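These notes are about the structure you will find just below.
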C-alpha cells in the first residue's frame with residue numbers, strides 16, 4: 001500500500017511541476033503586458049479589423065508582444081501567433097498575415 005502511494009506521488013510530481021511552470025510562464029507574460037500597458041490579444045483583433053499598419057504605436061506594441069511570446073528559450077515562448085513576423089511585415093508596409101494557430105490537441 002505504501003509502495004503504491006509512493007509510486008503515485010513519484011509519477012504525479014512531474015505533471016504538477018509542468019502545471020506550475022506553465023502557470024509561472026502565464027504570470028510572467030501577464031506581468032510584461034501590464035508593465036508595458038499592452039494587450040496582445042486585443043492587438044491581434046485590431047490588426048484583423050484592418051488597423052493602420054503605419055501606426056508607430058501599433059508597430060511598437062506588436063514588437064513588444066513578440067518579445068514576450070516569441071523569444072525562444074523562455075518558459076513563455078509560443079510560436080503562434082508570430083508577432084515578430086507580423087512586426088516585420090508591418091515595417092515592410094505589408095498587411096500582417098495572421099495564420100491560424102494549431103490547437104493544443106494537435
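Taking segment 56-93 as the search range and keeping residues that are in a helix (DSSP H, G or I) and in contact (Cβ under 8 Å) with a residue 40 or more places away in the chain, which one is farthest from residue 31 (Cα to Cα)?
Within segment 56-93, the match that is farthest from residue 31 (Cα to Cα) is 83.
Which condition number does residue 101 fail, the rest of (1) surrounded by 12 or more Cβ atoms within 10 Å (Cβ to Cβ); (2) touching a helix residue (DSSP H, G or I) at 6+ places or on another chain (Cβ under 8 Å); (3) part of a loop (DSSP other than H, G, I, E, B) being met?
(2)
Quick check: is even one residue across segment 21-41 surrounded by 10 or more Cβ atoms within 10 Å (Cβ to Cβ), at pLDDT below 95 and not in a helix (DSSP H, G or I)?
Scanning segment 21-41 turns up at least one residue that is surrounded by 10 or more Cβ atoms within 10 Å (Cβ to Cβ), at pLDDT below 95 and not in a helix (DSSP H, G or I).
Hey, residue 12 hits all of (1) more than 12 Å from the chain's Cα centre (by Cα); (2) modelled with pLDDT of 90 or more but one; which does it fall short on?
(2)
Please go through segment 42-57 and give me each residue that is under 17 Å from residue 91 (Cβ atoms) and surrounded by fewer than 16 Cβ atoms within 10 Å (Cβ to Cβ), ordered by number.
52, 54, 55, 56, 57 - these are the residues of segment 42-57 that are under 17 Å from residue 91 (Cβ atoms) and surrounded by fewer than 16 Cβ atoms within 10 Å (Cβ to Cβ).
The values are calculated or read from the model by the stated rules, or taken from the named source; none is laboratory data. Here the structure is a predicted model, which means the values were calculated and not measured. Cβ sites come from the backbone with ideal geometry, for glycine too, and all protein chains shown count toward neighbours.
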